[in-house]
Structures are given as structure tokens and as C-alpha cells.
1. So is A300 at pLDDT 80 or above, crowded, with 17+ Cβ neighbours inside 10 Å and part of a helix (DSSP H, G or I) or not?
2. I'm trying to understand the selection: among the residues of the range 208-226, which are of a type outside the set (A, V, I, L, M, F, W, C), in contact (Cβ under 8 Å) with a residue 12 or more places away in the chain and more than 13 Å from N291 (Cβ to Cβ)?
3. Evaluate the following for M16: is it touching a Lys or Arg at 6+ places or on another chain (Cβ under 6 Å) and at pLDDT below 85?
4. Within the range 35-55, restricting attention to residues that are modelled with pLDDT under 90 and either assigned to a helix (DSSP H, G or I) or among the hydroxyl-bearing types (S, T, Y) (or both), which residue is surrounded by the fewest Cβ atoms within 10 Å (Cβ to Cβ)?
5. Between A203, A212, which is within 17 Å of the chain's Cα centre (by Cα), modelled with pLDDT under 85 and either of a type outside the set (D, E) or buried (at least 19 other Cβ atoms within 10 Å of the Cβ) (or both)?
6. Could you identify the single residue in S58, S26, S6, S22 that is at pLDDT 70 or above and polar (S, T, N, Q)?
7. Quick one: which residue in R64, R83 is closer than 30 Å to V343 by Cα and of a type in the set (D, E, K, R)?
8. From I167, I196, which residue is touching a Gly at 6+ places or on another chain (Cβ under 9 Å), β-branched (V, I, T) and surrounded by fewer than 21 Cβ atoms within 10 Å (Cβ to Cβ)?
Amino acid sequence: MSRLSSAVAMLPLFLMLLISVSWAHSLNMTGVKVRLEGQSATVSIVAHAHLLHAPNTSDEIAKRLQLSINGKPFVPTKVQLLRDKANGIVIWQAQSKVTVSQSPLVELEAPIFPEVADQRTVLTVIKDRQVLDEVLLNADHPSGVVGGPHERLTKTTVVVRFVREGIGHIFGGIDHILFLLSLLLLGGGWRQLLKIVTAFTLAHSITLSLAATGVFSLPPRFVEPVIALSIVCVALSNFRSRLREPGERRIDWRPFMAFGFGLIHGFGFAGALAEVGLPREALAWALVAFNCGVEIGQAALVLLFAPALGVLVKRWPPVQLPVVRYGSASVAAVGAFWFIQRVFTA
């Protein structure tokens, strides 16, 4: 039994070490927004500065943009380039004279950074302040077309799209996963776990809404290291928390930690949502749908992890303490690595 307990308890360590080689919560979106109004087109591109290496950033973006409107290549004029050093992004904007038909056809022939494997490009087309559609370009879908026979972006398509984005962000954001799992390692009844998840949900919903609507936000250079630090703090707190005996009553601090750090995680969710290209014309629907997607992903993790841990502990009770110790140590080590990495690369 002791060998089995040790082997099972060491599994989280190996899993965490494998995860640590990747960059958690990587922001890998490039936004291309095309606004059509009157006889002009305005194209805005939001890209990560570290992906642009040419001396003339504006010219490099112009060369990378393979955009056509109604079958004619977009020729940029009145180009502006803004640098947001705090967030590590550049904003390129250009205008051009075009003939805007009743049903314009906009085509982006390739992602802005096709050579970067994990980069995705979101193309958003707006005509007369109405969103026509949004398409995602990646390795599987290297080109995107908006307009022509395509329908306008409806509430249904907004909801479906942003629910998917929310689910994808949870399962793609390893730091959020580790934060949740470290909160659940001590186990407990469903009522306890519900309090933890509810506290985290309430907290990140508040700050996600504030940031997405422009009321208040924090820069990623602050948010990302603190998210990593939250993982370390929660994992280390598991060493100070004695496993509860059956029938024993004492304060469970995990809901309070979930709420406090959840406020910071909400700003992280907002950063990912901004990358996707939140449609201002359907802001409320997109925001609610994204948050619902996050909750679906979060609930799936809890429903997978909590019963598995419960069955494991019930069948082999001696395994619980080693799992908590080794699992928490592994999570804390990964969180500390991410914290140092993010501080020195901010």
C-alpha cells in the first residue's frame, strides 16, 4: 500500500513538471477590424509587439495584411501606429477609399502571423456601425471571408461564438486550471466545493465586467504575475490546513481566497476577451456568453476532478495526505516559475 500511495501521490508532480515547460495563459490573438462607412474603409490591427521584428513596424504590418474588399486589394493611406508599452501591443490603423456596396465582400487571405504556430487572427467586419460577422483564422482555417451570402452577426451567433471562446480559454489557460485544482486538493463535501466555485465565479465576473466595459482595468504586466502568485499562495496554504476529520467544524478559508484572487483572475479573462475582439455593438451578449463559457469550462473541471479525488481517497485513504502534499508542492513550484518568468519578461 505504501508503494501504491507514493506512486499515486507522485503523479501530480510529473504532470506539473510537464505543464511547466509551456507558457500558461498565453495571449495569442491578433485582431483585424474592418469598418466600412460611406465611401471609406478603416482597418485597425492590434498585434503583439514581440512578434514584429522589422525596423519599420508600420511597413511590416502593411506587408503582412492580405486584405481585399469587393475583390480589390486594400491599399492603406493615412497610416497611424500607436504603441502600448504597458500591454506590449501595437495598434496599426489605416484608411482607404473604397466602393461600399449594400452587401460588401471582405476577404483576409492569411493570418497576420502565419509563421507562428499558436497565433490566431480574428477578422471583424463592421458596416455602418453594425457587425456583419467575425471569423477566426488559424492553421486549420488560413483564410476568412465576410459578406456576400453571409448573414449579419446575430445574437445567436454572438452567444455561440463567445461561449466557445470562454470554454476554450479555461482549458487553454493552464494557470486558471491549476488555481482551481489547488483549491480543490483538500477535498470536502459538495457544499464546500460549491462555496469555493461560487466565490471564484462572483469575483472574476465583477472584474471581467468592469474591464470589458472600460470602467476599470489593470495592465497585464501586473495581472499576469499576480495570477501566478495566487497559485503559489493557495498551494502553500494547503500545507497549513490540516485535513478535516469527519464531523469536525472549523473555518474553511478557501472561499475567501477564491474570491480575493478571483478578482485578479477576472482581469486576466478580460485580457483574453479583448484579444478575441469583443463586438461593441453586441457587448452585453458577448460578455455574458463569454462568462457562461468560462463557467461551463470551470464546472467541467470540478466535475471531473472532485469525484475522481473522492473515489481515490475513499478506496485508499492513506493516499490523501501524500496527494495534498506532493500536489500542492508541484503546483507551488510551477506557479513560482511562472511568477519569475512573467516578472522578468513583462
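The values are calculated or read from the model by the stated rules, or taken from the named source; none is laboratory data. Since we're looking at a predicted model, the values are computed, not measured. Ideal geometry is used to build each Cβ from the backbone, glycine not excepted, and the neighbour counts take in all protein chains shown.
1. On the way: at pLDDT 80 or above: yes; crowded, with 17+ Cβ neighbours inside 10 Å: no; part of a helix (DSSP H, G or I): yes.
Here the answer is no, as A300 does not meet what is asked.
2. Filtering the range 208-226 for residues of a type outside the set (A, V, I, L, M, F, W, C) gives 209, 213-214, 217, 219-221, 224-225.
Going one step further and asking which of them are in contact (Cβ under 8 Å) with a residue 12 or more places away in the chain, we end up with 209, 213, 217, 219-221, 224-225.
Within the range 208-226, S217, P219, P220, R221, E224, P225 qualify.
3. On the way: touching a Lys or Arg at 6+ places or on another chain (Cβ under 6 Å): no; at pLDDT below 85: yes.
Considered against the rule, which asks whether it is touching a Lys or Arg at 6+ places or on another chain (Cβ under 6 Å) and at pLDDT below 85, M16 comes out as no.
4. H50
5. Working: A203 fails: modelled with pLDDT under 85.
Just one listed residue meets the conditions, A212.
6. On the way: S26 fails: at pLDDT 70 or above; S6 fails: at pLDDT 70 or above; S22 fails: at pLDDT 70 or above.
On inspection, the qualifying residue turns out to be S58.
7. On the way: R64 fails: closer than 30 Å to V343 by Cα.
Exactly one residue qualifies, and that residue is R83.
8. Values: I196 fails: surrounded by fewer than 21 Cβ atoms within 10 Å (Cβ to Cβ).
Going through I167, I196 in turn, the sole match is I167.
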